[in-house]
Ligand SMILES: [Fe+2]
Ligand SMILES: [Fe+2]
């Protein structure tokens, strides 16, 4: 469903109770897209805040499925404008909202940057927000950011995998079962945003062991299939 005609911002359910809010954008060299994921539950959670200047669009889209003021948790993989730029905007409109991040992010950045103290999750720690239970995975430097990590929803086996599998284009399909590794590898070849961490392999194996069925990517189409195999294929492709 298109929620903003001017920008083409749209919202679609990609797993039970999990909505992708997608904003396409023209950038030098072609189209690109930014996704935020909303988990609607007793304690609603947003993964990626969206850039600060995109906040009105994301809020408008969220309002079509729930009152944005209900938001309880604001989470993201690492500190960067598309991941966390609108953090304080969300905290300002939702009185009970709190950042939910890994322990490194809390210590290094979010404890200071955020207008409300974060709840920090240790590697492997879970949080139950109603019917969904989510687990935090530290993933330092994979693909970038010391503080980087991912949330995984055990209820729907959805991995919120941030910048992994970044695809070019507008991400028209909310959810696809066709190849996303090829397009994302082509993008990585053109714009190498990976840290080349020597410790990437165990991180990728840890994510693969979760055996996700849905990969909720930040840029492009979310994907459904054998997530374990695709994560290991990505690790092989970038030489982890
Ligand atoms: Fe990033
Ligand atoms: Fe990103």
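The values are calculated or read from the model by the stated rules, or taken from the named source; none is laboratory data. This structure is a prediction, so every number in the text was calculated from the model and none was measured. With ideal geometry, Cβ positions are generated from the backbone for all residues, glycine too; neighbour counts draw on all protein chains shown.
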Notebook entry, point to check: Of the numbered conditions (1) within 16 Å of ligand 2 (Cβ to nearest atom); (2) crowded, with 21+ Cβ neighbours inside 10 Å, residue 81 satisfies every one except a single condition; which is it?
Noted result: (2)
Notebook entry, point to check: Is it fair to say residue 101 is in contact with a helix residue (DSSP H, G or I) (Cβ under 6 Å, 6 or more places away or on another chain), within 16 Å of ligand 1 (Cβ to nearest atom) and not in a strand (DSSP E or B)?
Noted result: no
Notebook entry, point to check: Got a sec? Which of 52, 70 is out of contact with any helix residue (DSSP H, G or I) (no Cβ under 9 Å at 6 or more places or on another chain), surrounded by fewer than 17 Cβ atoms within 10 Å (Cβ to Cβ) and modelled with pLDDT of 95 or more?
Noted result: 70
Margin query: Just to be sure I understand, how many residues within the range 200-240 are within 19 Å of residue 185 (Cα to Cα), outside any strand (DSSP E or B) and either within 16 Å of ligand 1 (Cβ to nearest atom) or in contact with a strand residue (DSSP E or B) (Cβ under 9 Å, 6 or more places away or on another chain) (or both)?
Written below: 13
Notebook entry, point to check: For the subset of the range 142-157 comprising residues that are farther than 15 Å from residue 101 by Cα and within 15 Å of ligand 2 (Cβ to nearest atom), which member is surrounded by the most Cβ atoms within 10 Å (Cβ to Cβ)?
Noted result: 142
Next item on the list: Would you mention how many residues in the range 67-78 are more than 15 Å from ligand 2 (Cβ to nearest atom) and either in contact with a strand residue (DSSP E or B) (Cβ under 8 Å, 6 or more places away or on another chain) or closer than 23 Å to residue 124 by Cα (or both)?
Entry: 4
Notebook entry, point to check: So which residues in the range 84-98 are in contact (Cβ under 8 Å) with a residue 24 or more places away in the chain, outside any loop (DSSP other than H, G, I, E, B) and more than 16 Å from ligand 2 (Cβ to nearest atom), if there are any at all?
Noted result: 88, 89, 90, 91, 93, 98
